[in-house]
Amino acid sequence: MPHAMRTIGLLGGMSWESSALYYQVVNEAVRERLGGYHSARVLMASVDFAEVEAMQAAGEWDAAGELLAAEARALEAAGAECLVLCTNTMHKVAGAIEAATSVPLIHIVDVTAAAVRAAGLSRVALLGTRFTMEQPFVRERLESHGLSVVVPAGEDLELVHRVIYDELVHGVVRSESREQYVDVVRRLAGRGAEGVVLGCTEIELLIGADDVDVPVFATTRLHALAAVDFALA
């Protein structure tokens with residue numbers, strides 16, 4: 001009897017580099033858990049990031065929410081049994097997606113917070129886009145799980161955001177930027193951060209656990225693995 005597997009709906013393209021990582025992690029995990037020739041049942045809607053980025057820059061979050069809600073409805077209509085929004089920043093409009101659909105949205109912050117708590121930590125640094133670091137939608141959701149959150153300040157915040165948009169979303173990975181990120185994490189650890197949340201799916205292209213001295217919580221990988229848990233439950 002074949003293993004019953006639910007279909008994962010990936011809502012990606014923001015950027016496609018990180019969405020490709022989701023697709024890879026989901027399939028590798030299914031093969032690892034089920035063996036043989038198994039791969040994941042996946043539907044993916046991939047948007048044109050230029051449209052979304054323009055909405056982000058203009059602060060048109062309602063329009064972005066409507067766009068992604070429409071894509072999510074299409075995934076559900078096509079047979080997706082859960083939704084995975086392959087971006088941290090656009091979880092700002094997670095509510096619009098949930099309101100438009102009836103299948104579960106696996107929320108990236110809840111998954112990440114559970115991993116931080118399971119590691120026994122209570123104070124974490126948050127790296128991400130300016131929107132993610134400055135606005136409350138990720139920070140407050142992490143705090144709702146009993147965590148305290150430290151974000152970069154001043155030039156460090158500018159640097160983290162700039163590297164994402166000028167380099168990583170274009171697939172550019174520079175060793176100089178990696179060193180600068182490592183320095184930022186070191187300063188955040190100096191402010192009491194016991195671990196670091198890579199709160200932008202692209203950051204995992206740049207730094208990982210081997211680069212810094214504190215535990216790293218890679219949101220893309222955690223999110224993708226949570227989707228596999230759901231699909232195989």
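The values are calculated or read from the model by the stated rules, or taken from the named source; none is laboratory data. Everything numeric here is computed off the predicted structure, so don't read it as measured data. Counting neighbours? That spans all protein chains shown, and the Cβs are built from the backbone with ideal geometry, glycine included. The protein model used for the area step is the full one, side chains on, heavy atoms only, and it has no ligands, DNA or RNA in it. Shrake-Rupley method; radii C 1.70, N 1.55, O 1.52, S 1.80 Å.
In this calculation the C-beta distance from Ala70 to Arg187 is compared with R0 = 30 Å, giving a FRET efficiency of 0.15. Per residue, the average separation of C-alpha pairs within less than 8 Å and at least 6 apart gives region 14-70 a relative contact order of 29 percent. In the chain, helices alone account for a calculated mean residue ellipticity at 222 nm of -16000 deg cm²/dmol, with every DSSP H run of four or more residues adding -39,500 (n - 2.57). Computed across region 33-153, the Kirkwood radius stands at 15.9 Å (inverse of mean 1/r, all Cα pairs). Overall, the accessible surface of the chain at a probe of 1.4 angstrom is composed of carbon and sulfur to the extent of 49 percent. Count the net charge of all other residues whose Cβ sits under 12 Å from the Cβ of Ser175, scoring Lys and Arg as +1 and Asp and Glu as -1. Here the count lands on -2.
Here the relative contact order of region 148-233, from alpha carbon pairs under 8 Å that lie six or more residues apart, stands at 27 percent. Cβ-Cβ distance of Glu155 and Asp110, R₀ of 45 Å, FRET efficiency by 1/(1 + (r/R0)^6): the value works out to about 0.90.
Using only side-chain charges placed at the Cβ, +1 for Lys and Arg and -1 for Asp and Glu, the dipole size of region 135-216 relative to its Cα centre rounds to 220 debye.
Computed from the Cβ-Cβ distance with R0 of 30 Å, the FRET efficiency linking Ser39 to Ala63 stands at 0.30. Rounded to the nearest 10 degrees, the inclination of helix 154-166 to the longest alpha-carbon principal axis of the chain is 40 degrees.
Calculated over the chain, the projected area of the Cα convex hull averaged across directions stands at 12.7 nm². For Val149, the shell of other residues with beta-carbons less than 14 Å away shows a net charge of +1, using +1 for Lys and Arg and -1 for Asp and Glu. GNM on the chain, alpha-carbon springs under 10 angstrom: the most fluctuating residue among Leu147, Leu11, Leu68 is Leu147.
A straight chain from Glu140 to Ala100 at 0.36 nm per residue would run longer than the Cα-Cα distance by 12.1 nm.
For Thr112, the shell of other residues with beta-carbons less than 11 Å away shows a net charge of +2, using +1 for Lys and Arg and -1 for Asp and Glu. Comparing Ala70, Ala99, Ala209 in a Gaussian network model of the chain, where Cα atoms under 10 Å apart are tied by springs, the biggest mean-square fluctuation is seen for Ala99. Under the criterion of Cα pairs below 8 Å and six or more residues apart, the relative contact order for region 1-108 equals 34 percent. The residues of region 182-233 present an accessible area of 38 Å² per residue when probed at 1.4 Å with all protein chains retained.
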